Amino acid sequence: MPRDGHTISRKQISANALKVLYRLHNSGYQAYLVGGGVRDLLLGLEPKDFDVVTNATPEEIKKLFRNCRLVGRRFRLAHIVFGRDVIEVATFRGHHADGNETTSKTNAAGRLLRDNVYGDIDQDAERRDFTVNALYYDIKDYSIRSYGGGVHDLQNRVLRLIGDPQTRYREDPVRMLRAVRFAGKLGMKIDPQTAAPIKPLAPLLKDIPAARMYEEVLKLFFAGKAGQNLRLMREYHLFEPLFPLVEAQLKDSPKGPAMRMLTEVMHNTDARILEDKPVTPAYFFAALLWYPLQSRAQDIALESGLTRYDAFYAAMGDVLEQQCQSISIPRRFSTPARDIWQLQLRFERSKGGRAFKLLEHPKFRAAYDLLLMRANAEGGNLAKQASWWQQFVDADDEQRKQLASGSNQGTSRNRNSNQRRRPRRRKVSDGDGAGASE
Ligand code: ATP
Ligand code: MG
């Protein structure tokens, strides 16, 4: 497509991406904007990032840019760093040379462990995942090259894998997640042949390194389409390999509190993104894993006779450890997730100074939000507890003092002040308000 055959103008491309494209071009290399950037511009969307591809090797790219870092093993790339903006520059991929393990390697299941054979643009296009991602904007003459019918598929809103779908999913099972994500994000239909192998091959996702999975999960759930992606992932059996503990809860009770929680988490996350409010993986994982945590804590309490509090503590470790086998949640998020969980127990006791102390906890807000969601999911006593806290949060100082000295949420029977002080020990063993048991 020549320049006058399409709508992309340089004004829509970031200044940094243009800088990289021109530097490569002026140094005698080919340079293209590729993939999602071109696709989104053609669709009238704002690209998330701009990726560049060239015939210069990573080492040659490094010589051209002082601000260049070479990254990746499976897939060597150059990052050109402009402050917080990073332009990713890849070298054209070629076909896999047989037997050369230093450049290309697959495991027994056909998964690509290394993919560093360089080639030309035609070969590169065949190595891309979907036809709508095999679009190249040439900085030399501002034309667009489309492979495998990419522009045609874009116009018809069809997501189609390049090559044999089975083979391509086996090479990289993450492509199954990408199919679902792009279908949702771009409002495209997954071509039947591209869709067919997903369910049977979904278990292959279990072999993907947990760190890469974490990145994918962020893209799936923190881009304003969480609800839609969840539905599609469950439809295609892609949710289970990522969140086995959560899926087990959903199977146990398809309309139970875990399902309501999950739906609400996704809904709230999407709403916050839409309003440009911050979202944190700590809260997201704490909420998603709340019911698996409950169920694990109950099992531990039954098996070991530990107090409810101690069983809950042990279960936090178990659940996080298990979840991190498929998705490695960074510690900077799993630590506050634990705080959010522990605060749920502390919400049960709010008399005297306790409620004021809780209010000052750095994770109070997130924990309070989780309490409200649990209440929505379960109702009952928990709803009373939540509404007490809601009153407390909304009240002024004087009203708060009254509330805190008065009743302890829905569970209070003894308003009489001389009955208020109970032996301290009961704090850990009584009550059963941690959610699922109510
Ligand atoms: P977005 O950035 O909006 O998530 P994108 O299409 O730009 O979408 P990236 O992950 O940024 O996705 O990748 C850039 C391009 O690299 C893709 O458009 C595609 O051509 C290629 N690509 C990315 N991941 C894969 C993969 N797993 N298999 C094959 N090609 C891929
Ligand atoms: Mg991109």
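Every condition in (1) outside the structural domain of TRP388 (by TED's automatic domain parsing); (2) free of Cβ contacts under 8 Å to residues at least 24 places away in the same chain holds for PRO336 except the one numbered (2). Of all residues in the range 29-38, those that are near ligand 1 (Cβ under 10 Å from one of its atoms) and open to solvent by less than 10 Å² (accessible area, probe 1.4 Å) total 4. Might you let me know whether the range 170-189 holds any residue that is more than 23 Å from ASN156 (Cα to Cα), in contact with a Ser or Thr (Cβ under 9 Å, 6 or more places away or on another chain) and modelled with pLDDT of 95 or more? Within the range 170-189, one or more residues are more than 23 Å from ASN156 (Cα to Cα), in contact with a Ser or Thr (Cβ under 9 Å, 6 or more places away or on another chain) and modelled with pLDDT of 95 or more.
Evaluating TYR368 against the criteria (1) open to solvent by less than 20 Å² (accessible area, probe 1.4 Å); (2) of a type in the set (Ser, Thr, Tyr); (3) not in a helix (DSSP H, G or I) leaves one unmet condition, (3). Quick check on my filter: what residues within the range 2-12 are free of Cβ contacts under 8 Å to residues at least 60 places away in the same chain and part of a loop (DSSP other than H, G, I, E, B)? Once the filter is applied, which keeps residues that are free of Cβ contacts under 8 Å to residues at least 60 places away in the same chain and part of a loop (DSSP other than H, G, I, E, B), the range 2-12 yields THR7, SER9.
For SER104, the conditions (1) at pLDDT below 95; (2) open to solvent by less than 20 Å² (accessible area, probe 1.4 Å); (3) not assigned by TED's automatic domain parsing to the domain that holds LYS19 all hold with the exception of (3).
Do we have GLY184 as part of a loop (DSSP other than H, G, I, E, B) and closer than 19 Å to ASN268 by Cβ here?
Working: part of a loop (DSSP other than H, G, I, E, B): no; closer than 19 Å to ASN268 by Cβ: yes.
So GLY184 does not fit the description; no.
Identify all residues within the range 260-285 that are part of a loop (DSSP other than H, G, I, E, B) and among the hydroxyl-bearing types (Ser, Thr, Tyr); write none if there are none. Of everything in the range 260-285, just one residue is part of a loop (DSSP other than H, G, I, E, B) and among the hydroxyl-bearing types (Ser, Thr, Tyr), namely THR280. Among the residues of the range 116-131, those that are within 13 Å of ligand 1 (Cβ to nearest atom), crowded, with 17+ Cβ neighbours inside 10 Å and of a type outside the set (Val, Ile, Thr) comprise ASP124, ALA125, ARG127, ARG128, ASP129, PHE130. Of the strands (runs of 3 or more DSSP E) lying entirely inside the range 47-90, the ones with 1 or more residues being within 15 Å of ligand 2 (Cβ to nearest atom), crowded, with 18+ Cβ neighbours inside 10 Å and touching a residue at least 12 places away in the same chain (Cβ under 8 Å) are found at 51-54, 77-82.
The sole residue among GLN325, GLN298, GLN342, GLN294 that is among the polar types (S, T, N, Q), part of a helix (DSSP H, G or I) and crowded, with 19+ Cβ neighbours inside 10 Å is GLN294.
Out of ASP129, ASP207, ASP191, ASP138, which single residue is assigned by TED's automatic domain parsing to the domain that holds ARG3, touching a residue at least 24 places away in the same chain (Cβ under 8 Å) and away from ligand 2 (no atom under 16 Å from the Cβ)?
It is ASP138.
For residues in the range 167-185 being near ligand 1 (Cβ under 8 Å from one of its atoms) and of a type in the set (D, E, K, R), which is farthest from GLU235 (Cα to Cα)? Spell out the reasoning first.
Of the range 167-185, the ones near ligand 1 (Cβ under 8 Å from one of its atoms) are 168, 171-172, 174-175, 178, 181-182, 185.
Filter again for of a type in the set (D, E, K, R), leaving 168, 171-172, 175, 178, 181, 185.
Details: ARG168: 20, GLU171: 22, ASP172: 20, ARG175: 16, ARG178: 15, ARG181: 13, LYS185: 16 Å.
Among them, the one singled out is GLU171.
Please go through the range 15-28 and give me each residue that is open to solvent by 10 Å² or more (accessible area, probe 1.4 Å) and either aliphatic (A, V, I, L, M) or away from ligand 1 (no atom under 16 Å from the Cβ) (or both), ordered by number. Reasoning before the result, please.
Taking the range 15-28 as the starting set, the residues that turn out to be open to solvent by 10 Å² or more (accessible area, probe 1.4 Å) are 15-16, 18-19, 22-23, 25-28.
Within the range 15-28, ALA15, LEU18, LYS19, TYR22, ARG23, HIS25, ASN26, SER27, GLY28 meet the criteria.
The values are calculated or read from the model by the stated rules, or taken from the named source; none is laboratory data. Everything numeric here is computed off the predicted structure, so don't read it as measured data. Because the Cβ atoms are built from the backbone with ideal geometry, glycine has one as well, and the counts that use them run over all protein chains shown. Heavy atoms of the whole protein, side chains included, go into the accessibility calculation; ligands, DNA and RNA do not. Shrake-Rupley method; radii C 1.70, N 1.55, O 1.52, S 1.80 Å.
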